[in-house]
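What follows is a single structure, written as structure tokens, with notes after it.
The values are calculated or read from the model by the stated rules, or taken from the named source; none is laboratory data. Here the structure is a predicted model, which means the values were calculated and not measured. Here Cβ is always computed from backbone atoms with ideal geometry, including for glycine, and neighbour counts include all displayed protein chains.
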Amino acid sequence: MTTDVNYHPAAELLEAFAQGTLSTGLSVALSAHIELCASCREESRRLESTSALAWSQAPAQERNEDVTEDFSALIASIVKQPQLKELSSEQFSVDKIHMLEHSVTLPRALAKVASEGLVWKKLAGGINQAQVTLDDETQCEFIYMKPGSQVPVHKHQGNEITLVLDGSFSDELGHYQAADFVVRNQAHLHRPASEEGCLCFAVLDGPLAFTKGLARLFNPINRYRFRRATSQ
Ligand SMILES: [Zn+2]
């Protein structure tokens, strides 16, 4: 779709996505970006085949080793998250968001989210927000900024990921257009503003959500163990 993408997820985020260790909120944002961005799509395919290869080449002895770490807390936190169902565009009743002057076709992962029903709230400064609940680690929302609107200056506890779906916005650090994947953390004080109007999907996570999976389930062997443990 869009080829002119300037802001991409970091390599370790794509890696965690390929390993399947991200929260549902982050996974949805990543899937949507990957659908819009050819280079991340290619990279994510490469990562998935690399992790499958690493697993198939691991010595049998290693693969059969008993699990020595206690994964029970981690497993419990993951299995209670809502699972994404099969993504197929036919089954969605909502694949577009209608705005004042035009409609925006959503990436499939977000069409699924939107078809659960969006309730828009008007906030100050020309900002409209529709919150969605995808897991218990992230706060996810669609944000529509009217032309000429500005979000009050703010700072975050964790990471804020913003995927631009339509239009554009700017802050102190740059100008962002459709398909751009923008990450801001607690070090950034920012004040997004949009001249032409902008539709985004934003994910706010706590400081832990990013690294929990990475730290403990980084390699494909552990992932296999995890899958085996949870499929019983
Ligand atoms: Zn990308």
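Just a few scattered comments:
- Looking only at region 18-31, and only at residues there that are buried (at least 23 other Cβ atoms within 10 Å of the Cβ) and assigned to a helix (DSSP H, G or I), the one that is nearest to the ligand (Cβ to nearest atom): LEU30
- Residue match in region 155-162 (condition: closer than 23 Å to SER31 by Cβ, in a loop (DSSP other than H, G, I, E, B), among the small types (Gly, Ala, Ser) and at pLDDT 75 or above): yes
- Yes/no for GLY117 being over 26 Å from ALA10 (Cβ atoms), surrounded by fewer than 17 Cβ atoms within 10 Å (Cβ to Cβ) and in contact with a Pro (Cβ under 7 Å, 6 or more places away or on another chain): no
- Complete set of residues in region 1-17 that are out of contact with any Phe, Trp or Tyr (no Cβ under 7 Å at 6 or more places or on another chain) and either outside any helix (DSSP H, G or I) or of a type in the set (A, V, I, L, M) (or both): MET1, THR2, THR3, ASP4, VAL5, ASN6, ALA10, ALA11, LEU13, LEU14, ALA16
- A count restricted to region 96-135 and to residues that are assigned to a strand (DSSP E or B) and among the β-branched types (Val, Ile, Thr) stands at 5.
- Looking across region 3-17, the residues that are in contact with an Asp or Glu (Cβ under 9 Å, 6 or more places away or on another chain), within 10 Å of the ligand (Cβ to nearest atom) and of a type outside the set (Phe, Trp, Tyr) come down to VAL5, ASN6, HIS8, LEU14.
- Across region 52-71, not a single residue is classified as assigned to a loop (DSSP other than H, G, I, E, B) and either within 19 Å of the chain's Cα centre (by Cα) or modelled with pLDDT of 80 or more (or both).
- THR21 modelled with pLDDT of 85 or more and hydroxyl-bearing (Ser, Thr, Tyr): yes
- In region 164-183 there is at least one residue matching the filter, namely being within 25 Å of SER39 (Cα to Cα), of a type in the set (Ser, Thr, Tyr) and surrounded by fewer than 20 Cβ atoms within 10 Å (Cβ to Cβ).
- Boolean, SER44 is more than 15 Å from the ligand (Cβ to nearest atom) and at pLDDT below 95: no
- Residue match in region 137-155 (condition: over 22 Å from ARG108 (Cβ atoms) and free of Cβ contacts under 8 Å to residues at least 24 places away in the same chain): no
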